[in-house]
Structures are given as structure tokens and as C-alpha cells.
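Q: What follows is a structure written as C-alpha cells; I'll ask about it next.
The values are calculated or read from the model by the stated rules, or taken from the named source; none is laboratory data. Note that this is a predicted model, so its numbers are computed, not measured. Because the Cβ atoms are built from the backbone with ideal geometry, glycine has one as well, and the counts that use them run over all protein chains shown. In case anyone asks, the SASA skips ligands and DNA or RNA and just uses the protein heavy atoms, side chains included. Shrake-Rupley method; radii C 1.70, N 1.55, O 1.52, S 1.80 Å.
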Amino acid sequence: MNIALIGATGFIGSGLLKEALARGHVVTALVSRPERLAEHANVAALKTDVQDTAALAEQLKGFDAVLSAFSGHAEADTYDYYVAGVRSIVAAAKQASVPRLLVVGGAGSLEVAPGVQGVDTPDFPEQWKASALGAREALNLLREEKELDWTLLSPSALIAPGERTGTFRLGTNQLLIDADGKSAISVEDYAVALIDELEKPAHPRQRFTVGY
């Protein structure tokens, strides 16, 4: 497929780029610093400001799908920057008539008990709270969306570079916890799950999650 990947040099975006290229997809990387991307025959880099909706809409035209690994982690005002960026991406995707939008979500909006989301619990780490609330608002915005064919994938509570095993579980709105009481997924296996969804859509206009 010919895909656009927003945030291709980021923590999760770089994993998605590697997985997509390994499967033979052609990727246009929409990034703030194109010089950080290594040269590859199937990668074109475009300097992008996701907050500039009109310019982004022009850049998103003509792709089979758009993947967004955008987040506000690096910004001082994480929540507002995150939400504004997602609003811009959604608006640009609609203007560009994007066939599908696949979004990297957060784990904080997953339920840890019936009706209780992780980000609302007292022991949720303060350092990740603004990002988690931004990711939850991004999910809420998508759920209100009537035009776009979107899918959002939430990771487990812990996502870190590791091994590409290709063996994991999928869920919907509840945090996945393994037999040892841990909730984890590697960046590599997260990327497998999202590129699987790209190739064989199974969760249209839905959030799903992945974990061991």
C-alpha cells in the first residue's frame, strides 16, 4: 500500500515505519524533522506541522491509508497540544478524503474495572496523566466522527522496545493483563498488530487494544 505515516521518527512511529517497510509498503513519512530519517528506497520524507490543517490536508491526498503516531509528549502543554493536533489531523483527513485513518492511542482510557478507566485511578502516574487525558480525548473525538473510517489501537499499560514475537492477544476496551498480573506489549508487536489492521481491517470505527 501507499501510506502516509505521521510521526514516523517517534517512539512508536519508528516501529510502525520499520514494520510497514518490512512488509513492502511504500511510506511517506510526515515529520517535523525529516533529517532524522534514514534514507530508504520506499520512504519519502515530508516536513510537516500537524497544527497547520490546510497544509496537512494537501499532504494527505492520494494515499491508501494514513497512520498517525502523533502525540504531545514532548510539548510543555501536552494536553492542549495533543488535542489540537488530533483535531487538525481529523479535519485534514476529511478534507483530503482519506480512505482510512489508523491512530496510535493510549492505555489510560482502557478500563481496569467495570466503568473505571486507568487514568482516573489514584495510582496513575502523574508524569503520564496529561498525555493519557489527551489520548482519551482523541478517542472521544474519533467516536463522534461520522465521516472518517477510523481505527484506534491502544497499547497495554507498558509499551517499550523489545522483541517482535508476533504472538499477542487483542481486546477492545479493557486493559489486557497476563497471568503474572502484568500489562505489557513491545513496540515491535504493537506495530505488528496495527499493520495487521492496515492490511486486513477488522475494527472499523472502533478502538481495540493489544497485549500479552
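Q: Sort out which residues of segment 152-168 are among the hydrophobic types (A, V, I, L, M, F, W, C), in a loop (DSSP other than H, G, I, E, B) and under 14 Å from E188 (Cβ atoms), and write them in order of number.
A: F168
The rows are residues; the columns are (1) in contact with a Leu (Cβ under 9 Å, 6 or more places away or on another chain); (2) among the small types (G, A, S).
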| residue | (1), (2) |
| --- | --- |
| M1 | yes, no |
| T9 | yes, no |
| G13 | yes, yes |
| L16 | yes, no |
| E19 | yes, no |
| V27 | yes, no |
| R36 | no, no |
| E39 | no, no |
| N42 | yes, no |
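Q: If only one of A179, A193 is more than 21 Å from G72 (Cβ to Cβ), without any contact (Cβ under 8 Å) to a residue 24 or more places away in the chain and not in a strand (DSSP E or B), which one is it?
A: A179
Q: Which of (1) farther than 24 Å from E188 by Cβ; (2) surrounded by 20 or more Cβ atoms within 10 Å (Cβ to Cβ); (3) at pLDDT 95 or above does L67 not meet, given it meets every other one?
A: (1)
Q: Here is a follow-up. Do we find that V98 is among the β-branched types (V, I, T), crowded, with 19+ Cβ neighbours inside 10 Å and over 23 Å from G15 (Cβ atoms) in this structure?
A: Here the answer is no, as V98 does not meet what is asked.
Q: Follow-up. I'm trying to understand the selection: among the residues of segment 134-151, which are outside any helix (DSSP H, G or I) and either without any contact (Cβ under 8 Å) to a residue 40 or more places away in the chain or under 18 Å from S183 (Cα atoms) (or both)?
A: E144, K146, listed by residue number.
Q: Given the conditions (1) out of contact with any helix residue (DSSP H, G or I) (no Cβ under 6 Å at 6 or more places or on another chain); (2) surrounded by 16 or more Cβ atoms within 10 Å (Cβ to Cβ); (3) within 20 Å of P201 (Cα to Cα); (4) touching a residue at least 60 places away in the same chain (Cβ under 8 Å), and given that G105 satisfies all but one, which numbered condition is not satisfied?
A: (1)
Q: If a residue has to be β-branched (V, I, T) and part of a loop (DSSP other than H, G, I, E, B) to count, how many in segment 14-29 make the cut?
A: 0
Q: On to the next question. Mind checking whether some residue in segment 40-48 is open to solvent by 60 Å² or more (accessible area, probe 1.4 Å) and part of a helix (DSSP H, G or I)?
A: Within segment 40-48, none of the residues are open to solvent by 60 Å² or more (accessible area, probe 1.4 Å) and part of a helix (DSSP H, G or I).
Q: Look at A8 and say whether it is among the small types (G, A, S), farther than 23 Å from I195 by Cα and within 16 Å of the chain's Cα centre (by Cα).
A: Taking the combined requirement at face value, the residue does not satisfy it.
Q: Would you check if there is a residue in segment 124-133 being assigned to a loop (DSSP other than H, G, I, E, B), open to solvent by less than 50 Å² (accessible area, probe 1.4 Å) and either in contact (Cβ under 8 Å) with a residue 60 or more places away in the chain or under 18 Å from A29 (Cα atoms) (or both)?
A: Scanning segment 124-133 turns up no residue that is assigned to a loop (DSSP other than H, G, I, E, B), open to solvent by less than 50 Å² (accessible area, probe 1.4 Å) and either in contact (Cβ under 8 Å) with a residue 60 or more places away in the chain or under 18 Å from A29 (Cα atoms) (or both).
Q: Consider segment 72-118. How many of its residues are of a type in the set (S, T, Y) and in contact with a Phe, Trp or Tyr (Cβ under 6 Å, 6 or more places away or on another chain)?
A: 0
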